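Engineer: Take this structure first; my questions come after.
The values are calculated or read from the model by the stated rules, or taken from the named source; none is laboratory data. These figures come from a predicted structure and were not determined experimentally. Every residue, glycine as well, gets a Cβ built from its backbone with ideal geometry; the counts of neighbours run over all protein chains shown. We work out accessible area using only protein heavy atoms, side chains counted, and drop any ligands, DNA or RNA first. Shrake-Rupley method; radii C 1.70, N 1.55, O 1.52, S 1.80 Å.
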Amino acid sequence: MSTAPRSSPLALTVLALLHYKPLHPYGVQRLLKEWGKDQVVNVGQRAGLYRTMDRLLEAELIAVRETGRDAQYPERTVYEVTDAGSKTAHRWLDEMLATPKQEFPAFPAALSLLMLLTPEAMADALTRRAAALEAALATYEADLAQEAESGLPRIAALESEYVRTMTAAELAWVRGVLTDLAAGRLEWSPEELLAMANEDE
């Protein structure tokens, strides 16, 4: 048996979906989108899904259930989760829930380099981000309302609830920074930053 691959949101989601029923890769991708998991798991390219499933197969966390043929799929391999895969999925899920992980997203990295911009350029960029966040938040709220009306249990929508809450928090923070910029409470100059940098030498 190969060494188990490192945990990832996509690998965990594949194992979780195969707990639901045996699936071929296209079926996994379809359920990811139908159940809204593509909002929290990166499945933009099918090749990434196939690579992940290959690694899970090599590690014997999933196994081939059957290989069939039909008019739509010339050859279709159906996979199922193994006992080892089930245990690994539960361990990964517990670790991801219990242990905060530093994930290095792009936005904080960009914030750490804002001194490259003028206040005007920063305000322009953050104004556009605020608009994008407002649109995303409206979509999340509409989706949550629709899920509630359909009678979907809350446990099945917690990831959407979390994303909505985090988006609202980020939007409030960005608006606060824009307010401080407009009021002159957040300002800097290249000369001031250069002088501070020279002091550290």
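Engineer: May I ask you to list the residues in region 14-32 that are open to solvent by 20 Å² or more (accessible area, probe 1.4 Å) and not in a helix (DSSP H, G or I)?
Structural biologist: Lys21, Pro22, His24
Engineer: Starting from region 1-30, keep only residues that are farther than 14 Å from Met96 by Cβ and modelled with pLDDT under 95, then list their pairs with residues that are in a loop (DSSP other than H, G, I, E, B) and open to solvent by less than 20 Å² (accessible area, probe 1.4 Å) whose Cβ atoms are within a distance under 8 Å, requiring at least 6 positions of separation or different chains.
Structural biologist: Listed by first residue and then by second, the contacts come to Met1/Ala59; Ser2/Ala59; Thr3/Ala59; Ala4/Ala59; Ala4/Leu61; Pro5/Ala59; Pro5/Leu61; Gln29/Val43.
Engineer: Here's a follow-up. Can you find, within region 91-126, the residue that is modelled with the lowest pLDDT among those that are loosely packed, with under 13 Cβ neighbours inside 10 Å, among the hydrophobic types (A, V, I, L, M, F, W, C) and within 30 Å of Arg6 (Cα to Cα)?
Structural biologist: Ranking the qualifying residues of region 91-126, first place goes to Phe104.
Engineer: Give me the pairs: first residue in region 75-87 and among the aromatic types (Phe, Trp, Tyr), second residue assigned to a helix (DSSP H, G or I), beta-carbon distance under 9 Å, and six or more apart or on different chains, which are they?
Structural biologist: Close Cβ pairs satisfying both conditions: Tyr79/Val14; Tyr79/Leu18; Tyr79/Pro25; Tyr79/Val28; Tyr79/Met53; Tyr79/Leu56; Tyr79/Leu57.
Engineer: Before we move on, is Arg129 open to solvent by 40 Å² or more (accessible area, probe 1.4 Å), over 29 Å from Leu12 (Cα atoms), touching a residue at least 12 places away in the same chain (Cβ under 8 Å) and not in a loop (DSSP other than H, G, I, E, B)? Steps first, answer last, please.
Structural biologist: Details: open to solvent by 40 Å² or more (accessible area, probe 1.4 Å): yes; over 29 Å from Leu12 (Cα atoms): yes; touching a residue at least 12 places away in the same chain (Cβ under 8 Å): yes; not in a loop (DSSP other than H, G, I, E, B): yes.
Yes, satisfied.
Engineer: Let me spell it out: the conditions are (1) more than 20 Å from Ala156 (Cα to Cα); (2) in a helix (DSSP H, G or I); (3) open to solvent by less than 100 Å² (accessible area, probe 1.4 Å), and Arg55 meets all of them except one. Which number is the exception?
Structural biologist: (3)
Engineer: Between Thr67, Thr139, which is outside any helix (DSSP H, G or I) and without any contact (Cβ under 8 Å) to a residue 12 or more places away in the chain?
Structural biologist: Details: Thr139 fails: outside any helix (DSSP H, G or I).
Answer to the check: Thr67.
Engineer: Scan Leu144, Leu193, Leu152, Leu181 and give me the residue that is part of a helix (DSSP H, G or I) and without any contact (Cβ under 8 Å) to a residue 60 or more places away in the chain.
Structural biologist: Values: Leu193 fails: without any contact (Cβ under 8 Å) to a residue 60 or more places away in the chain; Leu152 fails: part of a helix (DSSP H, G or I); Leu181 fails: without any contact (Cβ under 8 Å) to a residue 60 or more places away in the chain.
Just one listed residue meets the conditions, Leu144.
Engineer: Here's a follow-up. Show the residue pairs meeting these rules: Cβ distance below 8 Å; 6+ apart or different chains; first residue within region 33-51 and in a loop (DSSP other than H, G, I, E, B); second residue open to solvent by 100 Å² or more (accessible area, probe 1.4 Å).
Structural biologist: Val43/Lys33
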